[in-house]
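Worksheet for the structure shown next.
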Amino acid sequence: MRADFHVLIDACVLANQGVCDLLLNLAERPRLFVPHWSALILEEVERTHRDKLSWPEHLVALYQQNIRASFPEAEITGHEAIIASLTNHEKDRHVLAAAICGNCQVILTFNLKDFKAEHLAPHQVFAIHPDDYLVTLYELEPKQVIAVLGEIAGRRRMETEDVLLRLGTVIPKFSSLVLLDLAK
């Protein structure tokens, strides 16, 4: 076991294939963090893949099967009772509730506006954009992050720089930082 820092990953991050792939590879041994989500979050990912991104049904099902099989300990349960007591954006209260019950100090989300600090602070939870979190992981363990990017590039039959360029549309700070370091 490498790291025991528990992080809740919001549906908007899990639904982004490139960012999700990178994060979950960094959560494998030797892991840089412990990923978490709830059944409601995975249901939202499923709807996004099927209804918004028009994934074929077999790929939607395969994603759900693989994420559950790869991280069986990641799903948080028992948080439903506190949802109504939370004050962040109503549609994302289940996310904060899962973070609280899962002892996650961080929620990774692209939707920072739905997780204002004044709503999270009483629970000692922070919302962080995946771009900022990946920059932090890279600064802590650059060799491991580069190795994972290389593995992803190999699976996709691409160069690492091309993977970073694609990721740059959604996580530009991370991608630019790593591309600059690779160019040295």
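Readers should treat all values here as calculations from the given coordinates under stated rules, not as data from a laboratory. Please read these numbers as outputs of a predicted model, since none were measured by experiment. Note that we place each Cβ from the backbone using ideal geometry, even for glycine, and neighbour counts take in every protein chain shown.
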Apply the Karplus curve 6.51 cos²θ - 1.76 cosθ + 1.60, θ = phi - 60°, to the phi angles in segment 27-32 and return the couplings in whole Hz, x for Gly and Pro.
8, 8, 5, x, 7, 9
What residues have an amide H closer than 5 Å to that of residue 38, excluding those fewer than 5 places away on the same chain, when H is modeled at 1.01 Å from N in the peptide plane?
76
Explain nothing, just the number: relative contact order of segment 134-183, from Cα pairs under 8 Å at least 6 residues apart, as a whole percent.
32
Charge dipole of the chain about the Cα centre (unit charges at C-beta), most positive-ward option of 72, 150, 58
150
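Rounded, prolate or oblate: pick one for segment 86-127, where a ≥ b ≥ c are the square roots of the eigenvalues of its C-alpha gyration tensor, a/c under 1.5 means rounded, and failing that, prolate if a/b is larger than b/c, else oblate.
Numbers: a/c = 1.28, a/b = 1.26, b/c = 1.02.
It is rounded, given that a/c, with a ≥ b ≥ c, falls under 1.5.
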Dividing the mean separation of Cα pairs under 8 Å (6+ apart) by the residue count of the chain yields a relative contact order in percent of 21
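With charges only on Cβ, +1 for K and R and -1 for D and E, what is the dipole size of the chain about its Cα centre, in debye, rounded to 20?
Numbers: 18 positive and 25 negative charges, 54 e Å.
My answer is approximately 260 debye.
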Given a 10 angstrom Cα cut-off, can you work out which residue in 27, 69, 11 is the most mobile in a GNM of the chain?
69
Of the listed links 113/143; 52/91; 113/173, those spanning more than 21 angstrom between alpha carbons are 113/143
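Based on the alpha-carbon gyration tensor of the chain and its eigenvalue square roots a ≥ b ≥ c, which shape applies: rounded if a/c is under 1.5, prolate if not and a/b is larger than b/c, or oblate?
Numbers: a/c = 1.75, a/b = 1.39, b/c = 1.26.
Because a/c hits 1.5 or more and a/b exceeds b/c, the chain counts as prolate.
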With the dipole of segment 6-128 worked out from charges on the C-beta (+1 for Lys and Arg, -1 for Asp and Glu) around the Cα centre, which of 99, 85, 128 lies farthest toward the positive end?
128
Largest-first ellipsoid semi-axes for segment 1-102, taking √(5λ) over the Cα gyration tensor eigenvalues, angstrom:
21, 19, 11
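If packing is taken as the average number of other Cβ atoms within 10 Å across a peptide's residues, how do 45-54, 129-138 rank, most packed first?
Details: 45-54: 14.9, 129-138: 19.6.
Packing proxy ranking, top to bottom: 129-138, 45-54.
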